[in-house]
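Undergrad: Let me begin by handing over the structure; questions about it come next.
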Amino acid sequence: FESCKRVTHTAVEKQLKICGFKRNIDVLVLYLAGQGLRSIPSLSRFHRLRYLWINNNKIQDLTFLKKNYCLTELYLNDNEITDISGALKHLCALQILLLHNNQLKQLGKTVKELKGIISLQTLNLFHNPLAHDPDYRLYVIHFLPSVQLLDRKSVTQRERESAFHLYSHERSCVMESIAFGKRVNTPLGTAMGCSRGAQPARRWMMAPDHEFGNHTNKVPFENPEDAVLLRAMTRSVMEFSSLDWNKVPTCRERRLENKAEDSPEKLTIQFR
């Protein structure tokens, strides 16, 4: 272990000398690729480090990155990394991360570690065991929405839509149920006709007297997130109501006919 530590320290110092860095604060780039390194001591003294190459080594542990918050590009491909849990989630400025050709096996844990890196745009995970999981690509696309280039292939809008339908099925149903016409008490997925040529619509089955304008009522959904999404979308819905006044009797007609008055037919149209 001490021998490996000395080798790594020598490699770091050699790079500092080659680049002419005299102060740790001046180090923005560090190239340690292809030197057979098995471990690396903490790089926390390089507070402003932005670009780091450690690819083509034998690295397994990433704890040396705990305080390098300014990293924007990190090249860890072609190593022996089996787990990144707790090692990368603090790198909020990271834009490029290459992790291909490693031994990452747990897709869920790997993606969870990267969820907080909202600036991440380029990600490589191919040639890891986790890449063989069913729907691996759609899973990553859905839970890491900032990624634009995954495994050297651009993320398409069709892939994003497929991932949304696959991993947010309930929200997908909510989105699809927004249509023209009046809300009808019908379960999701059931189509019905609307009068006056309105488009068929699908709506939620809601309990009587539950309206979103009444905040005293409980949310009529099993999943509260669905209600939150619906309320957010309802804010942008416009509604117009109108009556056919030709069918509404006048006061004189109501007195002369002397019969129970029918409720006037009301047409309500919603659109976004």
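Each reported figure results from applying straightforward, stated rules to the coordinates on display, with no laboratory input. Since the model is a prediction, treat every value here as computed from it, not as a measurement. No Cβ is skipped: glycine too gets one built from the backbone with ideal geometry, and neighbour counts run over all protein chains shown.
Undergrad: Looking at the square roots a ≥ b ≥ c of the eigenvalues of the Cα gyration tensor of segment 2-167, which shape do they give, rounded for a/c under 1.5, prolate if a/b is larger than b/c, or oblate?
TA: prolate
Undergrad: With contacts defined as alpha carbon pairs under 8 Å and 6 or more residues apart, what's the relative contact order of segment 2-167 in percent?
TA: The normalised contact order for segment 2-167 reaches 14 percent.
Undergrad: Could I ask something else about it? Please give the net charge around Asn124, taking every other residue with its beta carbon less than 13 angstrom from that of Asn124, where Lys and Arg add +1 and Asp and Glu add -1.
TA: Local charge sum for Asn124: 0.
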